[in-house]
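Asks: Below are the structure tokens for one structure; questions will follow.
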Amino acid sequence: MARFKNKNKKALARPVKNQPSVDHITGQKIPKSFVFSRGKLPGPLRDLELDLRKLMLPHTALKLKEKKRNKLKDFLNVAGPMGVTHFLMISNPKSIPHLRVARTPQGPTITFEIHEYALAADIARSQARPSCPKELFSNSPLIVLSGFGSGGQHLKLTTIMFQNIFPAIDINTVKLSSCRRIVLLNYNNETKLIDFRHYSIRLQPIGVSRRIRKFVQKHEVPDLRNLQDVSDFVTKAGYGSESEADEESATVSLASDLGRVNRASTKSAVRLQEIGPRMTLRLVKIEEGLCSGAVIFSEFGKEADDAHQEEDHED
């Protein structure tokens with residue numbers, strides 16, 4: 001007997017196991033997100049969607065299943081039971097990439113034009129020693145916003161949206177080992193563009209050579225075949241800079257031990273390595289509701305609203 005597909009099948013998302021909905025320390029609700037597309041996307045934008053899902057880990061649906069016939073209400077119907085608080089939607093109206101960030105279920109919705117972007121894979125290829133282990137994504141990234149305090153009400157709403165899209169932290173109780181990533185948003189008041197960057201955070205003890213540091217961290221037997229004495233392994237300069245220059249402004253004193261090398265009450269250098277994705281955004285519109293409602297802010301007036309009108313009707 002022939003089988004017929006269910007045309008009313010909704011978007012599916014498997015909940016992440018063992019993920020609490022409330023922070024046991026702060027008592028606040030942990031924000032969760034869906035990252036999905038609206039309309040047809042070219043290959044690079046589809047890859048950007050996957051990169052954004054990875055960035056939002058662990059409180060997002062990494063393997064969210066989308067169908068062309070899915071409407072916005074389909075995602076909204078499954079968002080409630082799963083405790084999803086935010087939508088990140090990528091679209092490509094008139095071949096201009098857009099990113100919409102919305103609070104569920106009633107908004108507001110902030111729309112950005114994506115002027116430029118680079119995928120995580122592109123950034124990794126540009127680095128001599130790329131590093132992006134899976135352990136980085138076991139905790140949410142920190143969020144840092146710069147330059148948003150000098151603007152109007154629309155920038156304040158943008159600040160609140162991005163601050164609430166990641167879990168809040170308590171500086172008195174947060175574990176240093178959980179601070180592995182950082183998302184930086186910098187607003188340029190002259191160009192009105194927002195630089196979106198994603199970095200990993202590494203701490204390196206000051207005064208310890210790279211060889212010794214790698215030996216302690218990885219417990220690998222060093223190659224001593226070309227050395228006359230074991231002391232040469234400690235003192236001889238190897239590939240690159242064996243002892244990187246330490247800037248006073250980039251050092252911190254740890255309150256507790258972190259790993260095998262970074263010890264409490266000692267100074268460690270903070271190293272940031274970009275892991276992507278990277279975007280340059282322009283804020284173009286803020287709507288009161290979820291992709292609908294009164295327009296609170298519009299960068300280009302009525303023309304900007306008309307550019308999204310057809311897309312909003314599809315939702």
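Asks: So for region 81-97 (the condition being over 18 Å from the mean Cα position of the chain (by Cα) and β-branched (Val, Ile, Thr)), does at least one residue qualify?
Replies: yes
Asks: What residue, of 157, 145, 136, is outside any loop (DSSP other than H, G, I, E, B), in contact with a Lys or Arg (Cβ under 8 Å, 6 or more places away or on another chain) and in the same structural domain as residue 94 (by TED's automatic domain parsing)?
Replies: Exactly one of 157, 145, 136 is outside any loop (DSSP other than H, G, I, E, B), in contact with a Lys or Arg (Cβ under 8 Å, 6 or more places away or on another chain) and in the same structural domain as residue 94 (by TED's automatic domain parsing), namely 136.
Asks: Can you run down the residue pairs with Cβ atoms below 9 Å, 6 or more apart or on separate chains, where the first is in region 48-62 and of a type in the set (Ser, Thr, Tyr) and the partner is part of a helix (DSSP H, G or I)?
Replies: 60/52; 60/53; 60/54
Asks: In addition: Could you please let me know if residue 58 is closer than 27 Å to residue 200 by Cβ and part of a loop (DSSP other than H, G, I, E, B)?
Replies: Taking the combined requirement at face value, the residue satisfies it.
Asks: On to the next question. Filter region 104-122 for residues that are over 28 Å from residue 273 (Cβ atoms) and hydroxyl-bearing (Ser, Thr, Tyr); which is most open to solvent (accessible area, probe 1.4 Å)?
Replies: 104
Asks: Starting from region 68-89, take each residue that is assigned to a helix (DSSP H, G or I) and list its partners that are of a type in the set (A, V, I, L, M) and surrounded by 14 or more Cβ atoms within 10 Å (Cβ to Cβ), counting only C-beta distances under 7 angstrom and pairs at least six apart or across chains.
Replies: 74/11; 75/11; 78/11; 78/13; 82/13
The values are calculated or read from the model by the stated rules, or taken from the named source; none is laboratory data. The model shown is predicted, which means the values in this text are computed figures rather than measured ones. For neighbour counting, all protein chains shown are included, and Cβ atoms are generated from backbone atoms with ideal geometry for every residue, glycine included. Just so you know, the surface numbers come from the protein's heavy atoms only, side chains and all, with ligands and any DNA or RNA stripped out. Shrake-Rupley method; radii C 1.70, N 1.55, O 1.52, S 1.80 Å.
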